[in-house]
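Student: Here you go, one structure.
The values are calculated or read from the model by the stated rules, or taken from the named source; none is laboratory data. Everything numeric in this text was worked out from a predicted model, so none of it was measured. So basically every Cβ, Gly included, is an ideal-geometry build from the backbone, and we count neighbours across all protein chains shown.
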There are 2 protein chains.
Amino acid sequence: MTDKSPFAAPGAAADLEEGLALTPKFDADGLVTCVATDIASGDVLMVAHMNAEALAKTIATGEAWYFSRSRRALWQKGETSGHTQRVVEMRIDCDQDAVWIKVDQVAGACHTGRRSCFYRAVPLGKSGAVKLEFRGDKVFDPKAACGKS
Amino acid sequence: MTDKSPFAAPGAAADLEEGLALTPKFDADGLVTCVATDIASGDVLMVAHMNAEALAKTIATGEAWYFSRSRRALWQKGETSGHTQRVVEMRIDCDQDAVWIKVDQVAGACHTGRRSCFYRAVPLGKSGAVKLEFRGDKVFDPKAACGKS
């Protein structure tokens with residue numbers, strides 16, 4: 001957690017689970033997991049992470065902000081591609097270490113050009129090696145969007 | 001990753017993103033993130049983790065298995081409560097470090113007695129302290145379910 005966090009520290013389990021205060025339980029890297037779903041289809045679009053600043057900015061602006069673990073940097077979704085996420089609703093889970101946002105996604109969420117990052121199905125009932133099955137076409141040219149989303 | 005992993009090691013980004021092989025990118029703790037959504041409502045029910053063994057068992061059996069970070073143990077969802085999750089569909093994300101399962105959830109997914117762990121909304125457009133808003137009632141008595149789900 002950074003000193004920019006506007007959130008109080010998490011309390012006991014009873015407060016975390018049944019309380020009215022947003023006291024996110026950031027992990028050792030200062031992050032919570034965020035799941036973004038498509039307000040239109042209900043599909044899971046992506047799973048990413050937020051630090052305190054990203055979470056606070058998302059709440060304040062209603063636009064999705066994340067924290068990139070690989071780049072160690074705050075980023076607004078779509079800041080380079082234009083493929084922003086307007087947050088329609090935000091939920092927090094029982095132990096306040098995961099956030100769910102329902103978003104209005106411009107174009108696609110995935111840097112590969114798909115609407116959702118979850119564009120391959122895993123067949124069930126198998127043991128050993130598994131052959132994935134593609135679902136869903138590309139909705140934008142990832143090269144034209146600078147390979148970022 | 002344990003020696004029980006039936007999965008090949010992840011390759012280069014192009015293979016991870018556009019390939020047909022399931023080669024999960026487990027983190028330093030040997031885990032991938034798993035999002036479970038409700039096949040009936042589309043709601044996000046919970047976010048948890050799978051190690052290689054949990055993922056392989058889920059694929060083989062079509063029932064959700066997870067790895068508890070706090071208990072350092074493999075567990076089948078609902079093994080004590082009966083509130084199992086039958087997996088209707090599984091997806092893997094672009095970089096293969098997150099799994100999305102659509103499940104047929106018995107009773108409720110949350111150990112607090114709710115259908116979903118995401119039973120509180122975070123109001124948007126605010127700076128500073130945030131007061132959560134409850135959504136959704138309890139669907140089972142968590143004490144009767146041994147406080148576990």
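Student: Suppose we keep only residues that are surrounded by 22 or more Cβ atoms within 10 Å (Cβ to Cβ) and of a type outside the set (S, T, N, Q) within segment B:27-39. Which one would you say is nearest to the other protein chains (Cβ to nearest Cβ)?
Tutor: Taking the candidates together, the pick is B:35.
Student: Failed condition for residue A:53, given (1) surrounded by 17 or more Cβ atoms within 10 Å (Cβ to Cβ); (2) under 25 Å from residue B:126 (Cα atoms); (3) touching an Asp or Glu at 6+ places or on another chain (Cβ under 9 Å); (4) not hydroxyl-bearing (Ser, Thr, Tyr), with all others met?
Tutor: Unmet condition: (3).
Student: Hey, another quick one. Based on what the data block shows, is residue B:15 over 19 Å from residue A:124 (Cβ atoms), more than 10 Å from chain A (Cβ to nearest Cβ), among the acidic types (Asp, Glu) and in contact with a strand residue (DSSP E or B) (Cβ under 9 Å, 6 or more places away or on another chain)?
Tutor: Answer is yes for this residue.
Student: If you check every pair at least six apart or on different chains, which have Cβ atoms under 9 Å apart with a residue in segment B:121-146 that is more than 19 Å from residue A:61 (Cβ to Cβ) first and a residue that is at pLDDT below 90 second?
Tutor: Partner pairs satisfying both residue conditions: B:140/B:149; B:142/B:148; B:142/B:149.
Student: Continuing with the same structure: May I ask you to verify whether residue B:137 is within 9 Å of another protein chain (Cβ to nearest Cβ) and over 14 Å from the mean Cα position of the chain (by Cα)?
Tutor: no
Student: Also, I was wondering about something else. Can you name every residue in segment B:125-145 that is of a type outside the set (Phe, Trp, Tyr) and in a strand (DSSP E or B)?
Tutor: Those that are of a type outside the set (Phe, Trp, Tyr) and in a strand (DSSP E or B): B:131, B:133, B:138.
Student: Can you pull out the residues in segment A:90-110 that are facing another protein chain (nearest Cβ under 7 Å) and either of a type in the set (D, E, K, R) or more than 21 Å from residue A:42 (Cβ to Cβ) (or both)?
Tutor: Residues satisfying the conditions are A:91, A:93, A:94.
Student: Hey, residue B:107 hits all of (1) touching a strand residue (DSSP E or B) at 6+ places or on another chain (Cβ under 6 Å); (2) on the phi > 0 side of the Ramachandran plot; (3) among the hydrophobic types (A, V, I, L, M, F, W, C) but one; which does it fall short on?
Tutor: (1)
Student: Something else now. So how many residues does segment A:112-124 have that are of a type outside the set (Phe, Trp, Tyr), facing chain B (nearest Cβ under 7 Å), assigned to a loop (DSSP other than H, G, I, E, B) and farther than 21 Å from residue B:53 by Cβ?
Tutor: Qualifying residue count for the region: 2.
Student: Another one. Looking only at segment B:54-68, count how many residues are more than 10 Å from chain A (Cβ to nearest Cβ) and either among the basic types (Lys, Arg) or in contact with a Pro (Cβ under 9 Å, 6 or more places away or on another chain) (or both).
Tutor: 0
Student: So which of A:42, A:82 is at positive phi, within 12 Å of another protein chain (Cβ to nearest Cβ) and either surrounded by fewer than 22 Cβ atoms within 10 Å (Cβ to Cβ) or in a strand (DSSP E or B) (or both)?
Tutor: Sole residue among the options that is at positive phi, within 12 Å of another protein chain (Cβ to nearest Cβ) and either surrounded by fewer than 22 Cβ atoms within 10 Å (Cβ to Cβ) or in a strand (DSSP E or B) (or both): A:42.
Student: Against the definition (among the hydrophobic types (A, V, I, L, M, F, W, C), closer than 22 Å to residue B:133 by Cβ and crowded, with 19+ Cβ neighbours inside 10 Å), how does residue A:109 come out, yes or no?
Tutor: So residue A:109 fails the test.
Student: Would you mind stating whether residue A:75 is crowded, with 19+ Cβ neighbours inside 10 Å, without any contact (Cβ under 8 Å) to a residue 24 or more places away in the chain and more than 11 Å from every other protein chain (Cβ to nearest Cβ)?
Tutor: In short, no.
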